[in-house]
Amino acid sequence: MNIVLGVGGGIAAYKVASLLRLFTEAGHDVHVIPTPASAGFVGMATWEALSGNAVSNNVFDDVDKVMHVRLGHEADLIVVAPATADLLARAAAGLADDLLTTTLLMARGPVLFAPAMHSEMWQHAATAANVATLRRRGVTVLEPAVGRLTGADSGPGRLPEPEQIFAAALELVNSGAGGSGPFAMPLAGRTVTISAGGTREPLDPVRFLGNRSSGKQGVALAAAALHAGANVRLIAAHMDVPAPAGVELITVQTALELRAAALAAAEDSDVVVMAAAVADFRPLHSSANKIKKQDDVADPVITLVRNPDVLLELVRDRTRTGRRQIIVGFAAETGDEQSDVLDYARAKLQRKGCDLLVVNQVGVDKVFGLDQTEVVILDRHGAEPITAAGSKTDVAAAVISIISDQLAAT
Ligand code: CTP
């Protein structure tokens, strides 16, 4: 799909680089038109490098190609972010004083504005009237987010997060296209809970038993679910990577905390994905004070007790309540002389009773913390394994697509 991304002259222009990335990674061809004022915040080179297309903000560049006519006509969607008070005013008045506003007048497809400005400017009667005019004409103007603004001030006026603008753009195009098309959002209206990262089981206030999970796969799954239009809850144990913007983030430390969060979140989730590496055992005693080296105890012994199996409990809970829900487990397996990885995985699938099992073959130099991975996805019957390989983002997209198909079939 051809997208024109108009960038206004506001500090939030830097966040639009991430929005551009979301569009290009989803396979769309994006032409960026920055306003002259925006060049003071983010330079043309950034937009050219990230979009892979030449960037101009001048109606007199490439006059032979009549850029504004071509870009305006060919755009399947125009997104303007950040939409400043000035840009909203010029668009509402129908001015054509730069390449972006000229292109907006040529557009026949859907147009989305994501405003960002100080609260006083957003709430000013002039801006409110301009927004109302644009909305009357069928232009979508998002409400700005409420929060910290450029300086010490905070209130309504923050640019919505790139993922939210991206999701709103998908919704806009899909609503026009009857819910299908290049921006299809198979998980629109669905709630997806994903656990990610590794739990930490405390021994004392400074020490814990942990594991090598980086959280990358869970975060990639959360991003893929967001892209598919879902409301995403991310239950994050320890992760080496940040949570994607746009998720509802619930942070936990221990397996017991993760269990409580997962069981509560599952109550109204259409999908639960247990990508977290949950400790199977925790120390029986966690000392309130730092454990000291004791001269009379040469080899201290840590007694471990079993943690509950959260995945198993989720499946039981679903059966007990009769709710319709897809539950996805992960398995980290190493084969041995008795059985290969898939045999162990099929046995685990049986034991846990989930709908899908994503199987990783693990080893010291495999999977943990790496960006590339290969998984085998088994469905409830374990019969026809699907292999997905590539970046964790590619694998996440494959898993989310299988989940979407299963949801559509139920
Ligand atoms: N899991 C869980 N609760 C636990 C342990 C694991 O919910 N206490 C979930 C993980 O999030 C994952 C799946 O169970 O989705 C498989 O975890 P894995 O560690 O591979 O299997 P285990 O059940 O622990 O079995 P084993 O260690 O014997 O292979």
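Using just the helices of the chain, give the 222 nm mean residue ellipticity in deg cm²/dmol: DSSP H runs with n ≥ 4 each add -39,500 (n - 2.57), and the total is spread over all residues, rounded to 500. Walk me through the intermediate numbers first.
Details: 13 runs with 141 residues, N = 410.
For the chain, the value works out to -10500 deg cm²/dmol.
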Any chance you could give the angle, 0 to 90 degrees and rounded to 10, that helix 255-266 forms with the longest Cα principal axis of the chain? 50
Taking every pair of alpha-carbon atoms in the range 191-409, what share in percent sits in each 5 Å bin, from 0 to the bin with the longest distance? 1, 7, 14, 19, 20, 16, 10, 6, 4, 2, 1, 0, 0
Going residue by residue through the range 390-403, the Karplus relation 6.51 cos²θ - 1.76 cosθ + 1.60 with θ = phi - 60° gives ³J(HN,Hα) values, rounded to whole Hz and with x marking Gly or Pro, of x, 6, 5, 5, 4, 5, 4, 4, 5, 5, 5, 5, 5, 4
Restricting things to alpha carbons, tell me how big the range 1-154 is in terms of Rg and Dmax, in Å. 14.7, 47
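Stretched out fully, how many nm does the piece from residue 2 to residue 45 gain, at 0.36 nm a residue minus the Cα gap? Could you put the intermediate results ahead of the total?
Values: separation 43, 0.36 × 43 = 15.48 nm, distance 2.03 nm.
Value of the extension gain: 13.5 nm.
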Okay, which of the range 264-304 sit inside 12 Å, backbone N to the point 7 Å along the Cα-Cβ direction of residue 249? none
Using the Karplus curve 6.51 cos²θ - 1.76 cosθ + 1.60 with θ = phi - 60°, what ³J(HN,Hα) values do you get for each residue of the range 102-114, in whole Hz, with x for Gly and Pro? 5, 5, 4, 6, 7, 5, 10, x, x, 10, 10, 10, 10
If you line up the long axis of helix 310-321 against the longest principal axis of the chain, both from Cα atoms, how many degrees apart are they, to the nearest 10? 80
Compute the helix-to-body angle for 216-227: its Cα long axis versus the longest principal axis of the chain, expressed 0 to 90° and rounded to tens. 40
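Fewest Cβ neighbours within 10 Å first, please rank 118, 227, 285 accordingly.
Numbers: 118 17, 227 25, 285 12.
Least to most surrounded, the residues fall as 285, 118, 227.
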Going by amide H atoms built from the backbone, whose H comes under 5 Å of the H on residue 275, apart from near neighbours? 195
I want to make sure I understand the PRE zone here: with the label point 7 angstrom from the Cα of residue 123 toward its beta carbon, which residues in the range 144-160 have backbone N atoms less than 17 Å away? 144-159
Can you give the log10 of the normalised intensity I(q)/I(0) at q = 0.13 Å⁻¹, computed with Debye over equal Cα scatterers of the chain? -1.08
Computed ³J(HN,Hα) along the range 229-241: with the Karplus parameters 6.51/-1.76/1.60, θ = phi - 60°, integer Hz and x for glycine or proline, the list is x, 7, 7, 10, 10, 10, 8, 9, 7, 5, 10, 8, 10
Can you compute the modelled spin-label distance between residue 14 and residue 264, with each label point 7 Å from Cα toward Cβ, in nm? 3.5
Under the rule of at least 5 residues apart or a separate chain, name every residue whose amide H is placed under 5 Å from the amide H of residue 59. 99
Once amide H atoms are placed 1.01 Å from N in the peptide plane, what residues at a sequence separation of 5 or more from residue 141, or on another chain, have their amide H within under 5 Å of its amide H? 113
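Could you calculate the contour length gain from residue 143 to residue 391, that is, 0.36 nm times the residue separation minus the distance between their Cα atoms, to one decimal place in nm? Provide the component values of the computation, followed by the final result.
Numbers: separation 248, 0.36 × 248 = 89.28 nm, distance 3.45 nm.
Taking residue 143 through residue 391 to full extension adds about 85.8 nm, to one decimal.
Throughout, read-outs are computed from the coordinates displayed, never taken from laboratory work. No experiment lies behind these values; they were computed from the predicted model shown. Note: ideal-geometry Cβ built from the backbone for every residue, glycine included; neighbour counts use all protein chains shown.
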